[in-house]
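Written below as structure tokens is the structure these notes are about.
The values are calculated or read from the model by the stated rules, or taken from the named source; none is laboratory data. All values reported here derive from a predicted model rather than from experimental measurement. Note: ideal-geometry Cβ built from the backbone for every residue, glycine included; neighbour counts use all protein chains shown. Accessible surface is based on the protein model in full, side chains and every heavy atom, while ligands, DNA and RNA are left aside. Shrake-Rupley method; radii C 1.70, N 1.55, O 1.52, S 1.80 Å.
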Amino acid sequence: MRVVVALGGNALLQRGQALNAENQRGNIRVAAQQLAEIHKNHQLIIAHGNGPQVGLLALMDAAYTS
């Protein structure tokens, strides 16, 4: 069976976590372990969304006025 998994920005950083590489690596490690289990029995297609990152950039942009 073909399985499509969309990993959003929340797969990289959970609500309330500090925005740093260590947290992101830990979160993606958990996601990767789960994806590996799915891949054992299925064809796996992974997509990524970046909504939370775009939202953060929009908030940062709004904080600065010209």
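Summary table below
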item	result
Leading residue by the ranking (farthest from the chain's Cα centre (by Cα)) among those in the range 1-33 that are open to solvent by 40 Å² or more (accessible area, probe 1.4 Å) and farther than 21 Å from Val54 by Cα	Met1
Members of the range 47-66 found to be open to solvent by 100 Å² or more (accessible area, probe 1.4 Å) and either in contact (Cβ under 8 Å) with a residue 12 or more places away in the chain or not in a helix (DSSP H, G or I) (or both), listed by number	His48, Tyr64, Thr65, Ser66
